[in-house]
């Protein structure tokens with residue numbers, strides 16, 4: 001994967017590139033380190049949208065886990081009492097290109 005990024009950078013022009021942005025997968029981070037080692041003026045950055053998406057997914061899992069735990073102990077609760085975020089509606093979607 002590192003060779004693919006390096007080829008793309010060379011096709012665009014080494015002087016025209018200063019940063020690569022990818023998701024947070026370990027292979028992408030390793031590729032970023034390879035590019036940084038080859039080109040001292042370039043740096044790798046994880047995609048902030050991908051990072052926020054991971055954090056929101058974790059938050060949702062924790063909330064659903066809490067609701068499940070409470071229901072197992074016969075405690076009545078609704079998710080809307082625990083978390084009220086307009087970003088979590090069905091109409092709201094995140095589109096990102098990493």
The exposure ranking of 7, 29, fewest beta-carbon neighbours within 10 Å first, is 7, 29
Between the modelled labels at residue 1 and residue 72 (7 Å from Cα along Cα→Cβ) the distance in nm is 3.5
Exposure proxy check on 51, 16: fewest-to-most Cβ neighbours within 10 Å is 16, 51
Residues 4, 54 in order from fewest to most other beta-carbon atoms within 10 Å are 4, 54
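Hey, any idea what the orientation-averaged projected area of the convex hull of region 2-46's Cα atoms comes to, in nm²?
2.6
Quick note: the coordinates plus some simple rules give every number you see, no bench work behind them. Treat the numbers as computed from the prediction; the structure is a model and nothing was measured. Backbone-built Cβ (ideal geometry, glycine too); neighbour counts: all protein chains shown.
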